[in-house]
Amino acid sequence: MEFLRPVSWEEALAAKAEHPAALPIAGGTDVMVELNFDHRRPDYLLDLTRVADLYEWEVGEDTVRLGASVPYTRIIEQLRTELPGLALAGHTVGSPQIRNRGSVGGNLGAASPAGDAHPALLAAGAEVEAESVRGTRRIPVEEFFTGVKRNALAEDELIRAVHIDKADGPQQFSKVGTRNAMVIAVCAFGLALHPRTRTVRTGIGSAAPTPVRARVAEDFLNAALDEGGFWDSGATLTPSVARRFADLAAGACNPIDDVRGSAKYRRHAVGVMARRTLGWTWESYRKDHSGRGTTEGGAQCA
């Protein structure tokens, strides 16, 4: 096994072009496990730890451009306002040592159905910035996962960054496991309210061959919120709406039975998480909506 150590992004792309089968490694939280268990034995390891650009992020007007190697610790500490769902997911990733090294780019590259970042990225709305010596392209995150531990990257491409919509409403993340962290998810669920566009997005992990959105559940809830005037009124959601949303979210799953849980349990758990995260996010929206109304009313009276 040969070790390639580029010091710039241009050198990394050139090395990947010359050795398309080279396995990228940065934090190593997934790759080293596979190497230690002899699940992989690549001819080349492409070490990206010295490529400084990958550890940078930029907060724009509508999106955050997150370098592929930005560790979860930085997201939790410095981007929790812009990316609250991803920060919540980051809290459940491994131990503090793992969070100091693991990154969203690495999670995407591994493309595990159980990747903790994936439901949050799907719910928030994200694009993967992939680059090779041939050029750059942006892949919607819902199109990035092509199978179990397979992704849409070409052989000569590397993940440079992830572009994630800044939160304009409450976001939540929920994970079922034997404990809160240091465990692979039995299943996970992310939900984000987008009041600006009056839409809801979801993300489901570890309950299908790839991370998925519960699109039918989203369509139902978007229609229910619009037709019921909930966005304007900030009224409490009816139990029937919450139950139907949960049932449709569970129906989006295509899980398997394995040592961590049965398919039946995963469907049930996703439904429970969908109902609970909807309750949490909508209650946050209602409080914010009420606060805005009070402030605006006071200004008008003044």
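Each value in this text was obtained by applying a stated rule to the coordinates, not by laboratory testing. These numbers come from a predicted model, not from an experiment. Because the Cβ atoms are built from the backbone with ideal geometry, glycine has one as well, and the counts that use them run over all protein chains shown.
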(message) For the range 99-173, take every pair of Cα atoms, bin their distances at 5 Å starting from 0, and report each bin as a whole percent.
(response) 3, 15, 28, 25, 17, 8, 2, 1
(request) Name the residues whose placed amide hydrogens come within less than 5 Å of the amide hydrogen of N151, ignoring near sequence neighbours (fewer than 5 apart) on the same chain. (result) T146
(request) For the range 1-52, state which trypsin sites (Lys or Arg not before Pro) are in a DSSP loop and have at most 14 other beta carbons lying within 10 Å of their beta carbon. (result) R40, R50
(request) Rounded to the nearest Å, what's the spacing between the alpha carbon centres of the range 92-120 and the range 245-286? Just the number, please. (result) 20
(request) Please state, to two decimals, what the Cα-based radius of gyration of the range 63-220 comes to when divided by 2.2 N^0.38 Å (N = residues). (result) 0.96
(message) With a 10 Å cut-off between alpha carbons and a GNM built on the chain, which of P195, P209, P24 moves the most?
(response) P195
(message) For the ranges 260-270, 122-132, what's the packing order if you count other beta-carbon atoms within 10 Å of each residue, average per peptide, and put the highest first?
(response) 122-132, 260-270
(message) Using helices alone, I'd like the mean residue ellipticity at 222 nm for the chain: each DSSP H run of four-plus residues gives -39500 (n - 2.57), total over residue count, nearest 500.
(response) -12500 deg cm²/dmol
(request) Determine the dipole magnitude for the range 1-57: charges of +1 sit on the beta-carbon of Lys and Arg, -1 on that of Asp and Glu, nothing else is charged, the reference point is the Cα centre, and the result goes in debye to the nearest 20. (result) 100
(request) With viscosity set to 1.567 mPa s and temperature to 4 °C, compute the Stokes-Einstein D of the range 227-278, Rh being the Kirkwood radius across alpha carbon pairs; µm²/s, no decimals. (result) 106
(request) Compute the Rg to Rh ratio over the range 159-302 from the alpha carbon atoms, using the Kirkwood formula for Rh, and round to two decimal places. (result) 1.04
(request) State, in angstrom, two size descriptors of the chain derived from its alpha carbons: Rg to one decimal place and Dmax to the nearest whole number. (result) 20.1, 73
(request) Taking just the C-alpha trace of the range 1-141, give me its Rg and Dmax in Å. (result) 15.0, 45
(request) Give me Rg over Rh for the range 155-241, both radii from the alpha carbons and Rh done the Kirkwood way, two decimal places. (result) 1.05
(request) Kindly state, to the nearest 0.05, the FRET efficiency for E56 paired with A14, given R0 = 25 Å and r defined as their beta-carbon distance. (result) 0.75
(message) Could you compute how fast the range 119-161 diffuses translationally, taking Rh as the Kirkwood radius over C-alpha pairs and applying Stokes-Einstein at 10 °C with viscosity 1.306 mPa s? Give it in µm² per second.
(response) 147
(request) Read phi for every residue in the range 2-18 and hand back ³J(HN,Hα) as whole Hz from Karplus 6.51 cos²θ - 1.76 cosθ + 1.60, θ = phi - 60°, with x for Gly and Pro. (result) 9, 10, 9, 10, x, 10, 9, 5, 5, 5, 5, 5, 5, 5, 5, 5, 6
(request) Could you give the spread of the C-alpha atoms of the range 174-220 along their three principal axes, from largest to smallest, in whole angstroms? (result) 36, 21, 13
(request) Treating the Cα atoms of the range 72-114 as identical point scatterers in vacuum, please give the log10 of the normalised Debye intensity I(q)/I(0) at q = 0.31 Å⁻¹, two decimals. (result) -1.15
